[in-house]
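Peer 1: Dumping the structure here so I can ask a few things about it.
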């Protein structure tokens, strides 16, 4: 029997779909999962008649693979990844390749790369975005590791990835943990955009009293313009879905407590480490956390009062404001994420190509959007661009869009609607464009109580003042 081209461990829905994608593109696949029944079900179902074989043990799995072995892991982040690596390590050979395709923390990937390199084993940490559908039909793939390691898997990844204009949405990202770092920031931007869409939905629902389906049709129309994106597409479909049992919008029956798997939190934590402000992304993370305090919020709703306003009747112009405010805030979200990527590239010596990253995000991934074309153009034109808001295309857009963003934020605040991400976007925009911030007073305060010193605008040097005799 001929050896199998590559192996995949972890055949949940994502693993199954990625396996089918790989096989469809001309490669044979061996699969393994610690739940043996899952392997049997897969082989007798979706994988039946295809060049996919199962294994009942790690040893059997490894013996089936051609050399050098190429093994993709799709298991939960953290200890499960280390456990699988440890179970295989003694039977691997120099030049074999392990690819972690899960949402692992990038510093864990750095550690695994270093440890396996000492034993002559290649390791790639690869971001894979696109959800279940992307895994099957073509995801965006962000592999990081040694260039030689990437060359071993490149023929597979470039075939199974989504394609835009015949170009794969996959490219070598950088060394060590670069691939998982970029996927982490991708997810941070994803958090921000999702929260912004939710806030626009909440504004329209509260100000106009529109039903979920009415908002769904508004979003469907908006998706044909500048806001065109995967997240907007699924949002209008979600809003139009009706529960069959109750004949009501399904979204209205869903509990308003959001969950998360950690990548957004990691993005916020890392931004503080690197020293880059990402307030819109942070607000999205905090909004999910705040939503989980359901019982506290229910109690507070009976105690803490807000404004009482009537429904807006003739609101065509305000609807246009909300659409423009949403677009402005999404631009600002991408600007924060890309600025963090640029700073982290220097901090971790990743040498990230931001134009290339924007390019591979255009297809397959969750944040694929029409806006990624001008983002790609901005960084292709100016690779060292520190903040894409200063690119001519985006500065021209924001000089116009910030006005309806202000009107939308003002209206929402007057109505008592929590718009943590949208208001954070406006504050970030205003702070970034400010020639002078009140940090001068802050420095004086710090010097007063802690003798932390300050600098002056009229003379060189570092100063300390005895503020009170």
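Peer 1: Please report, to one decimal in angstroms, the Kirkwood hydrodynamic radius of segment 314-469 built from all distinct Cα-Cα pairs.
Peer 2: 18.4 Å
Peer 1: Let me ask you something else. Just to confirm the number: angle between the C-alpha axis of helix 263-274 and the first principal axis of the chain, 0 to 90 degrees, nearest 10?
Peer 2: 70 degrees
Peer 1: Also, quick follow-up: How would you order 111-120, 207-216, 40-49 from highest to lowest mean count of nearby Cβ atoms within 10 Å?
Peer 2: So the order, starting with the most tightly packed, is 207-216, 111-120, 40-49.
Peer 1: What is the ratio of the Cα radius of gyration of segment 1-154 to 2.2 N^0.38 Å, with N the residue count, to two decimals?
Peer 2: Cα-based Rg divided by the globular estimate yields 0.95.
Peer 1: Using the 10 angstrom Cβ neighbour count as an exposure proxy, how do 201, 122 rank, fewest first?
Peer 2: Listing 201, 122 from fewest to most nearby Cβ atoms yields 201, 122.
Peer 1: Provide the three semi-axes, in whole Å and in decreasing order, of the ellipsoid equivalent to the chain as defined by the square roots of 5 times the Cα gyration tensor eigenvalues.
Peer 2: 42, 30, 21
Peer 1: Right, another one. Please compute the contact order of the chain in relative form: average sequence separation of alpha-carbon pairs under 8 Å and at least six residues apart, divided by the residue count, as a percent.
Peer 2: With pairs under 8 Å counted, the relative contact order is 13 percent.
Peer 1: Using only helices, what value at 222 nm comes out for the chain when you add -39,500 (n - 2.57) per DSSP H run of length 4 or more and divide by the total residues, to the nearest 500 deg cm²/dmol?
Peer 2: About -17500 deg cm²/dmol.
Peer 1: Right, something else. With Kirkwood's inverse mean 1/r over C-alpha pairs for Rh, give me the Rg to Rh ratio of segment 183-432, two decimals please.
Peer 2: 0.97
Peer 1: Need one number: % antiparallel among DSSP beta bridges in the chain, to the nearest 5.
Peer 2: Once the DSSP bridges in the chain are tallied, antiparallel ones form about 35 percent.
Peer 1: I need 448, 172 ordered by Cβ neighbour count within 10 Å, fewest first.
Peer 2: By the 10 Å Cβ count, ascending: 448, 172.
Peer 1: Per 5 Å bin from zero, what fraction in whole % of the C-alpha pairs of segment 1-83 is there, up to the bin with the longest pair?
Peer 2: Pair shares across the bins are 3, 16, 29, 28, 17, 6, 1, 0.
Peer 1: Take 176, 51 and order them by how many other Cβ atoms sit within 10 Å, fewest up front.
Peer 2: With the fewest neighbours first, 176, 51 line up as 51, 176.
Readers should treat all values here as calculations from the given coordinates under stated rules, not as data from a laboratory. Here the structure is a predicted model, which means the values were calculated and not measured. Cβ: placed from backbone, ideal geometry, glycine included. Neighbour counts: every protein chain shown.
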